[in-house]
Structure formats: structure tokens, C-alpha cells
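Visitor: Here it is, the structure, as C-alpha cells.
The values are calculated or read from the model by the stated rules, or taken from the named source; none is laboratory data. Because the structure is predicted, anything quoted here is derived from the model rather than measured. Because the Cβ atoms are built from the backbone with ideal geometry, glycine has one as well, and the counts that use them run over all protein chains shown. In case anyone asks, the SASA skips ligands and DNA or RNA and just uses the protein heavy atoms, side chains included. Shrake-Rupley method; radii C 1.70, N 1.55, O 1.52, S 1.80 Å.
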Amino acid sequence: MPTAHKDYMTIGEVVEKLKARFPDLTISKVRFLEEEGLVSPERTAGGYRKFHEADVSRLELVLTLQKEHYMPLAVIRERLDDLDKGRVPSDIAHVVASSETARLPLEAAETVPLSAAPESLGIPVAFLRELEDFGLIAFVKGESGDELPQADVAIAHACWDLRKFGIEPRHLRMYETFAEREAAFFSQVLMPAYMSRTPEVRQQLLEALAKLTELTATLKSALLHRALARTFEDVT
């Protein structure tokens with residue numbers, strides 16, 4: 001069946017698609033990664049694998065981390081677990097952002113119902129409401145009431161983990177302000193490209209956003225480290 005008539009790819013078609021970038025990729029290798037729990041394609045009634053876009057993207061990420069970043073499968077599994085929980089580990093953030101099937105931030109559509117947050121995210125509803133009060137996350141209306149966009153899940157996790165250092169949501173408002181200013185600055189630089197709707201230009205925009213994010217993250221980290229070195233001279 002031609003790929004154009006279905007919304008998924010067979011395992012053979014996936015290997016063919018990724019072969020140019022990963023010449024050593026074989027059907028057996030994909031099956032092995034599935035056995036290791038790194039990819040979980042859907043199955044047809046007859047037992048054939050159905051790789052949807054998200055499955056191909058996940059497989060591409062696994063192969064990239066393995067080939068270009070020399071990560072063992074155990075570490076890759078941990079990074080994927082973080083991503084499944086809405087966290088984006090800092091050491092693979094640039095890889096995730098530059099993935100071939102990456103979408104613009106506002107195009108992400110998955111949400112987490114607020115009622116399910118304590119169980120699925122491990123974060124109390126009261127804390128999420130506090131984050132909302134300080135403008136750090138924003139709920140959307142869904143079929144089951146308030147829902148948290150997937151883009152805000154990582155924010156909620158980071159804020160929750162910062163509590164162990166005595167840092168509360170009210171202390172974090174400045175980061176939202178910084179992010180808005182940086183986004184405004186990026187828009188000034190990249191808006192001409194964003195106005196173009198051709199796939200080629202939009203792909204270039206995604207790559208530019210990923211590179212800008214990576215470079216500015218490096219800059220901010222270096223500046224912060226320098227500032228901390230001045231404050232904690234005997235520690236850093």
C-alpha cells in the first residue's frame with residue numbers, strides 16, 4: 001500500500017526514510033530497539049508494526065543520541081522517560097529542538113487534565129494553581145475542564161523540583177519576564193522567515209530557533225557561572 005494512502009509507515013519504510021542519515025540502520029536494529037522499550041509502535045490486527053510520525057521522531061532521536069552523542073541505551077532510556085513526563089533534559093534539549101519532525105512551540109496540542117495531574121505528573125493541584133497565579137503556566141479549557149498544555153508540563157516539573165531548595169513560585173516570576181523578553185527579541189530577528197509559509201523556510205526557521213536557543217543558553221550559563229564565581233569565590 002502506498003504511504004500516501006495511510007497515516008503510518010511500515011518498519012521497512014521507516015528504515016528507508018532514515019537510511020540516508022543512519023546508513024547502518026536495519027529492520028533488525030529497529031526491532032531490537034523496540035525490544036529494549038525505546039520505541040513502541042502500534043500493531044495492526046495482523047501484528048504488523050505501524051510507525052506514526054511521533055514514533056519515527058522518537059526513533060530518530062534514539063539513533064541520534066546513540067550515534068552522534070555516544071549515549072548508552074540505559075542513559076537514552078532515562079532521557080526518554082524524562083521526555084515522557086514532560087521534562088526536557090538540558091543535555092539533549094538542542095537535539096530535541098532540532099529534530100526533523102520538531103514542531104513550533106505553539107503547535108503542540110497535547111494536554112494533561114488538571115484532575116489527572118497529581119497521578120500523572122506527581123504534582124499537587126494546589127501547586128499548579130499557584131504557578132498559574134504567578135503567570136508561570138496557563139491552563140486551557142478542555143472536555144474535562146482545565147487542562148495543562150504539554151509545553152507547560154516541563155515548567156511545572158522544574159518549579160516543583162526547585163522547592164527542595166526553598167524556591168517558591170513567587171521567586172520565579174522573573175524567569176517568565178526574561179523568557180518573554182527573549183522571545184520578543186527572537187521574533188524581531190526571525191519574523192521575516194516566520195511570515196513565509198513554505199516548508200523549506202519554516203524548516204530553516206526551526207533550525208534557527210534551535211541554534212539560537214542553544215547559543216543563548218550557553219551564554220546565560222556562562223554569565224551566571226561568572227556571577228556566581230564572584231559571589232562564592234571559594235566554591236565555584
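Visitor: Would you kindly state how much longer the chain becomes between Asp161 and Leu228 on full extension, computed as 0.36 nm times their sequence separation minus their alpha carbon distance, in nm to one decimal? Write out the running numbers ahead of the final one.
Guide: Working: separation 67, 0.36 × 67 = 24.12 nm, distance 2.09 nm.
Working it through step by step, the gained length comes to 22.0 nm.
Visitor: Keeping all protein chains in place, calculate the accessible area per residue for the chain (probe 1.4 angstrom), answer in Å². All intermediate terms of the calculation are to be shown ahead of the outcome.
Guide: On the way: 14930 Å² over 236 residues.
Heavy-atom accessible area per residue stands at 63 Å².
Visitor: Compute the distribution of all C-alpha to C-alpha distances in region 1-56, in bins of 10 Å from 0, and list the percent of pairs in each, rounded to whole numbers.
Guide: Spelled out bin by bin, region 1-56 gives 23, 58, 19, 0 percent.
Visitor: What's the whole-number percent of alpha carbon pairs in region 30-101 lying beyond 22 angstrom? Walk me through the intermediate numbers first.
Guide: On the way: 483 of 2556 pairs.
Tail of the P(r) past 22 Å holds 19 percent of the pairs.
Visitor: For Glu143 and Asp84, calculate 0.36 nm times their separation in residues minus their Cα-Cα distance, and state this gained length in nm to one decimal. Intermediate results must be reported in sequence, preceding the final value.
Guide: Values: separation 59, 0.36 × 59 = 21.24 nm, distance 2.23 nm.
Going from the current span to full extension adds 19.0 nm.
Visitor: Measure off 7 Å from each Cα along the Cα-to-Cβ vector at Val201 and Phe186, then give the distance between these two points in nanometres to one decimal.
Guide: 1.9 nm
Visitor: Amide H of Leu38: which non-local residues (sequence gap of 5 or more, or other chain) have their own amide H closer than 5 Å, using H built in the peptide plane?
Guide: Correct list: empty.
Visitor: Take Thr216, project a point 7 Å from its Cα along the Cβ direction, then tell me which residues of region 147-164 have their backbone nitrogen under 11 Å from it.
Guide: It comes to no residues whatsoever.
Visitor: While we're on this one: Give Lys29/Lys211; Lys50/Lys211; Lys85/Lys164 a once-over and call out the pairs whose C-alpha atoms are over 24 Å from each other. Kindly include the intermediate steps, with their values, before the conclusion.
Guide: Details: Lys29/Lys211 30 Å; Lys50/Lys211 32 Å; Lys85/Lys164 19 Å.
In this structure, Lys29/Lys211; Lys50/Lys211 exceed 24 Å between Cα atoms.
Visitor: First compute the accessible area of the chain with a 1.4 Å probe, then give the percent of it belonging to carbon and sulfur atoms. Don't skip to the answer; put the middle values down first.
Guide: Working: 8540 of 14930 Å².
Carbon and sulfur: 57 percent of the exposed surface of the chain.
Visitor: Right, another one. Per 0.36 nm of contour for each residue apart, how much would the distance between Lys50 and Asp91 grow if the chain were fully extended, relative to their Cα-Cα spacing? Don't jump to the answer; show the numbers that get you there.
Guide: Details: separation 41, 0.36 × 41 = 14.76 nm, distance 2.99 nm.
So the extension gain works out to 11.8 nm.
Visitor: A further question on this structure: Apply the membrane-span-like helix rule to the chain: whole DSSP H runs, Cα extent along the own long axis of at least 24 Å, mean Kyte-Doolittle hydropathy at least 0.0. List the helices found. The partial results should precede the final answer.
Guide: On the way: long enough: 173-194 (30 Å, -0.06); 199-231 (48 Å, 0.06).
Passing helices, by number: 199-231.
Visitor: Take the Cα pairs of the chain, get the Kirkwood Rh, then feed it into Stokes-Einstein at 37 °C and 0.692 mPa s and tell me D in µm²/s.
Guide: Details: Rh = 20.4 Å.
Rounded, D is 161 µm²/s.
Visitor: While we're looking at this one, here's another question. How big is the charge dipole of region 130-212 about its Cα centre, in debye rounded to the nearest 20, if each Lys and Arg gets +1 on its Cβ and each Asp and Glu gets -1 on its Cβ? Don't jump to the answer; show the numbers that get you there.
Guide: Numbers: 9 positive and 14 negative charges, 71 e Å.
I would put it at about 340 debye.
Visitor: Hey, rough spin-label estimate for Met174 and Glu68, points 7 angstrom out along Cα→Cβ, what's it come to in nanometres?
Guide: 3.5 nm
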